[in-house]
1. Just one of the numbered conditions (1) closer than 26 Å to A:L136 by Cβ; (2) in a helix (DSSP H, G or I) is not true of A:L221; which one?
2. Can you tell me how many residues in the stretch A:244-297 are among the small types (G, A, S) and over 29 Å from A:P54 (Cα atoms)?
3. Has the stretch B:256-265 got at least one residue that is in contact with a Cys (Cβ under 8 Å, 6 or more places away or on another chain), within 20 Å of B:E46 (Cα to Cα) and among the aromatic types (F, W, Y)?
4. Would you confirm, using the coordinates I've provided, whether A:V193 is surrounded by 22 or more Cβ atoms within 10 Å (Cβ to Cβ), in contact with a Ser or Thr (Cβ under 6 Å, 6 or more places away or on another chain) and not in a helix (DSSP H, G or I)?
5. Picking from B:V225, B:V275, which residue would you name as being closer than 20 Å to B:V129 by Cα, modelled with pLDDT of 95 or more and of a type in the set (V, I, T)?
6. Every residue in the stretch A:42-54 that is surrounded by fewer than 18 Cβ atoms within 10 Å (Cβ to Cβ) and within 20 Å of the chain's Cα centre (by Cα), please.
7. If we scan the stretch B:254-262, do we find a residue that is crowded, with 18+ Cβ neighbours inside 10 Å, more than 15 Å from B:H148 (Cα to Cα) and among the charged types (D, E, K, R)?
2 protein chains.
Amino acid sequence: MSTVTSRDPYPTRTVAHADLLPRLDPVVWGDASGGPLDPELVASYEEHGFLVLPGLLPPTTLQRIDDDLSALAADDSVKSLPRAVIEPGSNELRSLFEVHLGDDAIAGLATDPRLIDIARQLLGDDVYVHQSRVNLKPGFRGKEFYWHSDFETWHAEDGMPRMRAVSCSVLLTPNLAYNGPLLAIDRSHRWFVSCPGATPVDNYLSSLRRQDLGVPDDESLRELVRRGRITQCLGQPGTVVFFDCNLMHGSTGNMSPFERHNVFMVFNAVSNSLVAPFAAPAPRPEFIAARDVRPIRV
Amino acid sequence: MSTVTSRDPYPTRTVAHADLLPRLDPVVWGDASGGPLDPELVASYEEHGFLVLPGLLPPTTLQRIDDDLSALAADDSVKSLPRAVIEPGSNELRSLFEVHLGDDAIAGLATDPRLIDIARQLLGDDVYVHQSRVNLKPGFRGKEFYWHSDFETWHAEDGMPRMRAVSCSVLLTPNLAYNGPLLAIDRSHRWFVSCPGATPVDNYLSSLRRQDLGVPDDESLRELVRRGRITQCLGQPGTVVFFDCNLMHGSTGNMSPFERHNVFMVFNAVSNSLVAPFAAPAPRPEFIAARDVRPIRV
């Protein structure tokens, strides 16, 4: 007699204590041949969990995106949308979700072959946009984002089954050492930090401003930094940072006068589409976690 | 008939609007000959407002200081001293003032010729310690210090007449790009940012945790960055950063596991000793602003 048990390989918010678990999924799925990335770059992504590609997008594309962004930030009706996040302590737009729908230049990134073809190559599957947003970290008072694995939240609150998604951060303004750039823990994507706690109803309403759940513990972070190292992902506009859904990352505040504007697009493998949340009473809204899994056709 | 008017050249917290005023004092006082610094280094300090000197203190000195520091941080009675500042949201020691008195290795820095002789050379006078403290920016949750000119506060709240003081930051742990290092606006010491507002009674009780007054306005900061540039002062233990009392500086938070420990010693010219505060109802306590101006004898 055999029993088939199906235990969650990435338990979180259902556990009593923090833990550092091995990743059970590949980072690069399939043989990754026949895509735009050279084998060396694929191997680097697999090893480090991220890839910084300077100059992937040309100035003309960036200019059109910047124009869209200025229009969004100046539109007061945008700030009252459910998919908008306002900077704590001011009335400035901090993030806007679901920017891949529509017909402007920002939405155009979701079907841009310069992004999609790389995502398909790394994930070995057709892809769709799981989440998209613009992040406008203002000068002087831009707040920090503490260390987190996106996958931890997407698994617990959205029901993403496995680690088969890649995030793209498209740099629209210079990301400098001192304006709150993306900080990554190199190689941290190889382990899963299981977090104690339980997700309350409608947690996303507060967690988008300040995350209290799914926060990795000090000891796990210390150990991840011991196994890898902290890296700043810097670059000029047009740089795109591809990073694994389970890479531990964050960013410090921005005291400089230089705004940090990025577009964030998450591509998920269609075979990895969402199921019921693994540790939350109900799924989050579709503007945070899409359930339309039709593959992107360029 | 002649009238002698004596107007404060650095008005602040007595003004209705922020302003960017020219510095009226030298940066290097006298001819700066006959000191440990080469003329090139003196010229660099004069131009940029700071000087990073790697390896100024040897490992043996650092080890003794580190031992003192560990003892202080572990001593619960230290945390309840008026001259101690506790990290908001935790019970960890963040700063301890007046560490130049006593007979331990930290206090030894106040009479260390490797620091004093440089301070005397730059200020062209005998010096005394205006303020001293240890700053322990912990890992993970170390908070930012927003942009400020120390002189603005020392002038307004302590009665320091002119810009004739130099601060030394002695690095006890590595100061890395990503653990909240000192950020300086290169060349900003040449202008004074006059700040509106009025200092309330006992302002220091809250301002040491979070400064609400003497905060430079966005436009002045933008202009200072335009005239100079933002620089991170990085270094290994034993590095000493000398910086002018009016240099605009700050530091971002520390999300890394690596604690940032510095000893901070301010040397003031004896001829620049304190008078009545220029914009506060009463002087701050002596543990923040010393009034014993006997020159340091090595």
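1. Of the numbered conditions (1) closer than 26 Å to A:L136 by Cβ; (2) in a helix (DSSP H, G or I), the odd one out for A:L221 is (1).
2. Adding up the residues that qualify gives 6.
3. No, the stretch B:256-265 has no match at all.
4. Against the criterion (surrounded by 22 or more Cβ atoms within 10 Å (Cβ to Cβ), in contact with a Ser or Thr (Cβ under 6 Å, 6 or more places away or on another chain) and not in a helix (DSSP H, G or I)), A:V193 qualifies.
5. Numbers: B:V225 fails: closer than 20 Å to B:V129 by Cα.
Step by step, each of B:V225, B:V275 is checked, and only B:V275 is closer than 20 Å to B:V129 by Cα, modelled with pLDDT of 95 or more and of a type in the set (V, I, T).
6. A:S44, A:E46, A:E47, A:P54
7. Step one: list which residues in the stretch B:254-262 are crowded, with 18+ Cβ neighbours inside 10 Å, which gives B:254-262.
Next cut, more than 15 Å from B:H148 (Cα to Cα) only: B:254-262.
Add one more test, that the residue is among the charged types (D, E, K, R), and what stays is B:259-260.
So far as the stretch B:254-262 goes, yes, one or more of its residues are crowded, with 18+ Cβ neighbours inside 10 Å, more than 15 Å from B:H148 (Cα to Cα) and among the charged types (D, E, K, R).
Residue by residue, here is whether (1) under 30 Å from B:Q63 (Cβ atoms); (2) not in a loop (DSSP other than H, G, I, E, B) holds:
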| residue | (1), (2) |
| --- | --- |
| B:T231 | yes, yes |
| B:S256 | yes, no |
| B:H261 | yes, yes |
| B:A282 | no, no |
| B:P285 | no, no |
| B:V293 | no, no |
| B:R297 | yes, no |
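The values are calculated or read from the model by the stated rules, or taken from the named source; none is laboratory data. Remember, it's a predicted structure, so these values are computed and weren't measured experimentally. Backbone-built Cβ (ideal geometry, glycine too); neighbour counts: all protein chains shown.
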